[in-house]
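Quick note: the coordinates plus some simple rules give every number you see, no bench work behind them. Given the structure is predicted, the values throughout are model-derived calculations rather than measurements.
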Amino acid sequence: MTFRRTVSIVLAMWLAVGLLAVAPTPSLAWARVGVFVGPAVVVGPPVVVAPPVYAAPPSVIVETPPTVYQEQPQQQASQYWYYCQEPQGYYPYVSQCQKGWQQVSPSPAPVR
C-alpha cells in the first residue's frame, strides 16, 4: 500500500467518525469539527451550546375589592287584618264585602 492510499483511508475513517459524532447533536447546537492533513491529526469532540434562557415576565396581580351587599329594610307587615261579616271571612279569602270591612288587630295563634 502506498502512503497516499493509507492517508486517504485514515482521512475517510476520521471523516466518518466525525460525521457520526455530529449527527446525534441537537439541531440548535453548534459544532466544530476540524480536519488537518499532516503528521498530527486531532479531531475534538463537538461543542454543544444550549439556546439562551429567557425569564418569564413578572406576574401582574390585580386585587378586586370585595363585593358589598346592602340589605334592604324589610317592610312592616300590615298592622291589621280585615274581616267581613257577610259573608264571614278574612281578606284575601273573601274578595268582596257588602257591609264593609272591619279592621281587626291580629293576635298570635294560641300555643298547643
Work out how much length VAL10 to GLN102 would gain on full extension: take 0.36 nm times their residue separation and subtract the Cα-Cα distance, in nm to one decimal. 20.7 nm
Run the numbers for VAL48 and GLU71: contour at 0.36 nm per residue of separation, minus the present Cα-Cα distance, in nm. 1.4 nm
